[in-house]
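Worksheet: one structure, shown below.
The values are calculated or read from the model by the stated rules, or taken from the named source; none is laboratory data. Just so it is clear, the structure is predicted and the values come from calculations on it, not from any experiment. Positions of Cβ are generated from backbone atoms using ideal geometry, with glycine treated the same way; all protein chains shown enter the neighbour counts. These accessible areas exclude ligands, DNA and RNA; they are computed on the full protein's heavy atoms, side chains included. Shrake-Rupley method; radii C 1.70, N 1.55, O 1.52, S 1.80 Å.
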Amino acid sequence: VGWKNRDRGMQNLANEPLWSVDFATGEIVNGLASGDPIYNEDFTQVTIPLREGVTWDDGEPFTSADVVFTIELLKSTEGMNGNTFFSENVTSVSPPDDYTVVIDLTRANSRFHTTFLDRWGAIWIMPKHIFENVEDPVSFEFNPFVGTGPYKLHSFDEAGFWTIWEKREDWQNSPTGILYGEPQPKYIVMQYFANEGAKILAQLTHEADVLNLSSEGLKAVLAQSDSSRA
């Protein structure tokens, strides 16, 4: 999509998984899914209920057609992440209605749904209305990125040093907005720093609100804070 890392806002601001894990509590949070997966008795079929009222950030509705399209595309397209998994595990997928997906599996698998569970990444649902018109999805530059999260792409540095996200005007049509209300920041900047010293300096000069630091970097920040208060 034009920048270097998926965690530069795509995963945590602009997209939503079917389910995610709150690592602080262990709770499974429903995202694009409205509830738990429902398996048949021998775990060869799973039904996924989807959340109603969600739209992609370009205004198109999110429906079961997007989920079915994603699974079928990954299953049939070599070179796509997930191709092997879906071709080996899925017999067929169908949408009984706009907010239900039924997946028939090649063998019993009570954990099939966890491929859509965001723990440290997941299979993400693709917008059918964009990818169905793409000749080669493997080489397609998905830029600007379109997601179902509460933020949309504002701009980015082609070298990959920063990405800016803007709160959607229709943030209430994202699972996060539906579940938790309006996010407060209008803009969020994800920035690359050359080293931990640069990160610490940015925080000390109030140019960064949140940092990813090693334990040693965190100790340095705390020591500087104690020194300033003294």
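Looking across segment 17-57, just one residue is assigned to a loop (DSSP other than H, G, I, E, B), in contact with a Leu (Cβ under 8 Å, 6 or more places away or on another chain), more than 15 Å from Tyr99 (Cα to Cα) and of a type in the set (Val, Ile, Thr), and that is Thr44. Of all the criteria given as (1) assigned to a loop (DSSP other than H, G, I, E, B); (2) open to solvent by 30 Å² or more (accessible area, probe 1.4 Å), the one not satisfied by Met126 is (2). If the condition is being within 30 Å of Thr63 (Cβ to Cβ), of a type outside the set (S, T, N, Q) and surrounded by 14 or more Cβ atoms within 10 Å (Cβ to Cβ), then segment 171-219 contributes Trp171, Pro175, Gly177, Ile178, Pro183, Ile188, Met190. For segment 144-164, name all the residues that are open to solvent by 30 Å² or more (accessible area, probe 1.4 Å), of a type outside the set (A, V, I, L, M) and in a loop (DSSP other than H, G, I, E, B). Of everything in segment 144-164, those that are open to solvent by 30 Å² or more (accessible area, probe 1.4 Å), of a type outside the set (A, V, I, L, M) and in a loop (DSSP other than H, G, I, E, B) turn out to be Pro144, Asp157, Glu158, Phe161. Restricted to segment 205-230, and to residues there that are modelled with pLDDT under 75 and of a type in the set (A, V, I, L, M), the residue that is nearest to the chain's Cα centre (by Cα) is Leu218.
Whether a residue is on the phi < 0 side of the Ramachandran plot, among the acidic types (Asp, Glu) and touching a residue at least 60 places away in the same chain (Cβ under 8 Å) was assessed, and Asp97 does not pass this test.
When residues in segment 131-143 are screened for being surrounded by 15 or more Cβ atoms within 10 Å (Cβ to Cβ) and free of Cβ contacts under 8 Å to residues at least 40 places away in the same chain, 0 of them pass.
Listed by first and then second residue, the pairs with beta-carbon distance under 6 Å, at least 6 apart or on different chains, first residue in segment 154-181 and among the hydroxyl-bearing types (Ser, Thr, Tyr), second surrounded by fewer than 17 Cβ atoms within 10 Å (Cβ to Cβ), are Ser155/Ile164.
In segment 66-113, of all residues being β-branched (Val, Ile, Thr) and assigned to a helix (DSSP H, G or I), the one that is surrounded by the most Cβ atoms within 10 Å (Cβ to Cβ) corresponds to Val67.
Taken over segment 165-193, the residue count meeting the criterion of being outside any loop (DSSP other than H, G, I, E, B), more than 15 Å from Gly53 (Cα to Cα) and of a type outside the set (Phe, Trp, Tyr) is 6.
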